[in-house]
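What follows is one structure encoded as structure tokens, with my remarks underneath.
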Amino acid sequence: MTWEELLERLSLGQDERTLFLPPDLSPEELARYAAGLANHRGGILFLGVDGEGRVVGASEIHPLQITHALFQLTQGLLLPYVEVIEGPMGRVLALHVPQSPAAIAVGAGRVPFWDGKRLTELRMGQALPEPDFTAQVLPAASLSDLDPVEVLRLRRILEERGSNLAALPDLELLFALGLLERVEGEDKPTVAGLLLAGTPLALKRLLPQAEVSYYFHGQPDGYLEYAFREDILRSIPALLERLRDLIQARNRVRYLTVGLFRLEVWDFDQEVYREALLNALVHRDWQSPDAIQVHHYPDRLEVSNPGSFPPGITPENILRHPPKRRNPRLAEALYRLGYVERAGSGVDKMYRLLLKYGKEPPEYHLFPEALTLVLYNPELDEAFVRELAEAQERLGGFSLDHLIAVGHLRRVGEASLEELSRALQLPLEAARKVLTRMERMGLLRKEGGRYYLVRRDPLGERALGLLANPLSRREVEAQLGLTPRATLALLNRLIREGKVERTGRGAATRYRRRV
């Protein structure tokens with residue numbers, strides 16, 4: 001945040017998600033206000049600002065003092081990101097406080113709550129969350145369980161991101177990331193520290209559940225049979241690299257030319273499966289002895305992890321529900337390292353990239369003690385992907401809502417408002433507004449209470465223009481720049497639609513437009 005952005009935000013005053021505090025608070029008072037924000041919707045706490053939004057400065061306070069105090073006073077449940085903003089009027093600390101999945105107490109039975117105007121306390125008896133397991137220190141863990149090479153890897157990642165943390169000495173760096181705690185005068189790694197920088201031997205001894213099993217299945221229906229398996233027990237950065245190598249070695253790519261651009265369409269997009277793997281790591285139940293499993297089939301990729309969705313989140317609302325973190329310490333460290341977004345936009349990213357290339361949205365299967373995410377790899381519809389890319393270029397891009405509605409109608413053909421509302425995970429009136437806008441854009445049409453996709457067919461139009469004179473398949477293929485399979489599929493579709501006729505046999509086969 002720049003100084004100008006800070007002043008603009010301060011001019012708007014306090015609200016449900018914004019709080020101004022002077023610098024002379026006790027650590028306990030600061031913890032109550034920060035927990036009050038977390039217990040409502042989360043937000044930003046500006047330290048060094050009076051109640052009227054005037055900067056009074058917070059030059060004497062170090063960000064690490066704040067994070068350490070809040071962590072201690074909330075039993076490890078609150079670890080905000082502290083941003084330092086300096087300008088002509090002084091220094092302000094912006095505490096980015098995430099929403100808590102359940103009530104955070106500060107002191108015995110005291111659960112603060114910020115309502116936008118004042119700090120109150122929630123009713124007694126509200127359930128408190130279990131302590132964050134990834135913030136705990138295992139009794140048998142020691143500094144020797146951390147791999148210097150993995151610590152160097154974390155530093156290199158921070159350097160590439162331009163983070164100021166990269167300039168800190170090793171121990172200070174690990175403390176800043178929440179990967180070390182001081183226990184009875186001794187520096188020890190947290191569970192998050194072991195997961196991000198532990199040696200393989202330490203993980204095997206202390207956290208064997210950190211293993212991830214990768215299976216490659218040669219046949220779509222061969223669940224119990226696999227052609228290849230590898231069990232991986234490494235720190236999370238090394239683990240992600242190895243899984244990427246294993247998947248990419250069996251990942252096909254096809255190239256489509258759209259205008260001046262060439263699109264790469266993979267069976268499984270790297271960004272999509274990376275988000276799926278990170279979700280499994282961040283949201284799994286780390287106290288379960290079971291491992292994460294990755295099953296790679298030709299037509300789908302399945303990622304299964306112990307533990308279900310956080311409370312309140314279901315497959316039917318995952319796109320719209322405010323993000324909740326089961327393992328805040330690990331999630332915060334991964335955020336600072338650039339692996340995950342604080343706003344929980346990983347699911348949005350998966351949806352957008354899958355739908356952009358004509359694939360299905362991610363599918364979630366819930367079990368009593370596990371969750372499986374399925375990424376499907378349907379047969380590539382080159383014509384649709386081209387049409388979608390050209391429409392986005394013509395209209396200046398699509399929102400995620402547009403992509404979801406277009407993708408759903410492409411799969412089912414037609415749908416009611418209620419059906420599209422469920423696909424969009426929006427209330428009926430909000431869904432109606434999205435669809436009305438898409439009608440105005442010329443993407444949808446509505447007939448008899450049902451919505452239909454208005455498909456332009458630029459590829460078919462180009463083919464019909466070429467076929468004013470009879471041409472062979474190879475000639476059409478060369479003119480349109482398609483693969484043989486895609487060319488044959490296009491020509492057969494135009495024949496079925498009665499727009500093209502085929503004459504001759506074998507090498508003498510020709511295609512021409514019907515008059």
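The values are calculated or read from the model by the stated rules, or taken from the named source; none is laboratory data. This one's a predicted model, so the numbers in the text were calculated from it and none came from an experiment. Note that each Cβ is placed from the backbone with ideal geometry, even for glycine, and that neighbours are counted across all protein chains shown. Note: areas computed on protein heavy atoms with side chains; ligands, DNA, RNA excluded. Shrake-Rupley method; radii C 1.70, N 1.55, O 1.52, S 1.80 Å.
What the table below lists for this structure:
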| item | result |
| --- | --- |
| Cβ-Cβ under 6 Å pairs, at least 6 apart or on other chains, region 437-448 side over 13 Å from Gly396 (Cβ atoms) and basic (Lys, Arg), far side surrounded by 13 or more Cβ atoms within 10 Å (Cβ to Cβ) and modelled with pLDDT of 90 or more | Arg445/Tyr452 |
| So Val476, is it over 35 Å from the mean Cα position of the chain (by Cα) and assigned to a helix (DSSP H, G or I) | yes |
| Within region 139-255, helices (runs of 4 or more DSSP H) holding 1 or more residues that are closer than 21 Å to Pro63 by Cα | 148-161, 170-176, 191-197 |
| Candidate set: region 223-244, residues that are touching a residue at least 60 places away in the same chain (Cβ under 8 Å) and of a type in the set (Gly, Ala, Ser); chosen: the one surrounded by the fewest Cβ atoms within 10 Å (Cβ to Cβ) | Ala238 |
| Residue check, Phe216 open to solvent by 40 Å² or more (accessible area, probe 1.4 Å), of a type in the set (Phe, Trp, Tyr), over 23 Å from Leu154 (Cα atoms) and at pLDDT 95 or above | yes |
| Leading residue by the ranking (nearest to Pro23 (Cα to Cα)) among those in region 49-86 that are among the hydroxyl-bearing types (Ser, Thr, Tyr) and within 30 Å of the chain's Cα centre (by Cα) | Thr67 |
| Per-region count, region 264-298, residues in a loop (DSSP other than H, G, I, E, B) and open to solvent by 50 Å² or more (accessible area, probe 1.4 Å) | 5 |
| Residue pairs meeting the criteria (Cβ under 6 Å; at least 6 apart or on separate chains; first in contact (Cβ under 8 Å) with a residue 12 or more places away in the chain and farther than 14 Å from Leu154 by Cβ, in region 173-195; second in a strand (DSSP E or B) and open to solvent by less than 10 Å² (accessible area, probe 1.4 Å)) | Asp187/Leu180 |
| Residues located in region 409-438, provided they are over 20 Å from Pro315 (Cα atoms) and of a type in the set (S, T, N, Q) | Ser416, Thr436 |
| Tally of residues being more than 29 Å from the chain's Cα centre (by Cα) and not small (Gly, Ala, Ser) across region 4-32 | 17 |
| Candidates Ala166, Ala249, filtered to the one that is open to solvent by 30 Å² or more (accessible area, probe 1.4 Å), of a type in the set (Gly, Ala, Ser) and more than 22 Å from the chain's Cα centre (by Cα) | Ala249 |
| Residues within region 475-515 that are free of Cβ contacts under 8 Å to residues at least 60 places away in the same chain and exposed (fewer than 12 other Cβ atoms within 10 Å of the Cβ), tallied | 11 |
| Residue, modelled with the highest pLDDT, within region 300-332, restricted to residues that are open to solvent by 40 Å² or more (accessible area, probe 1.4 Å) and within 14 Å of the chain's Cα centre (by Cα) | Arg320 |
| Near pairs, Cβ below 9 angstrom, 6+ apart or cross-chain, from region 292-315 (on the phi > 0 side of the Ramachandran plot) to any residue that is among the hydroxyl-bearing types (Ser, Thr, Tyr) and part of a loop (DSSP other than H, G, I, E, B) | Gly307/Ser288 |
| Near pairs, Cβ below 6 angstrom, 6+ apart or cross-chain, from region 144-163 (within 13 Å of Leu174 (Cβ to Cβ)) to any residue that is open to solvent by 60 Å² or more (accessible area, probe 1.4 Å) | Val151/Asp170 |
| Residues (in contact with a strand residue (DSSP E or B) (Cβ under 7 Å, 6 or more places away or on another chain) and touching a residue at least 24 places away in the same chain (Cβ under 8 Å)) located in region 449-468 | Gly449, Arg450, Tyr451, Tyr452, Leu453, Leu464, Leu467, Ala468 |
| Qualifying positions in region 356-369 - at pLDDT below 90 and either farther than 16 Å from Val272 by Cβ or among the hydrophobic types (A, V, I, L, M, F, W, C) (or both) | Leu366, Phe367, Pro368, Glu369 |
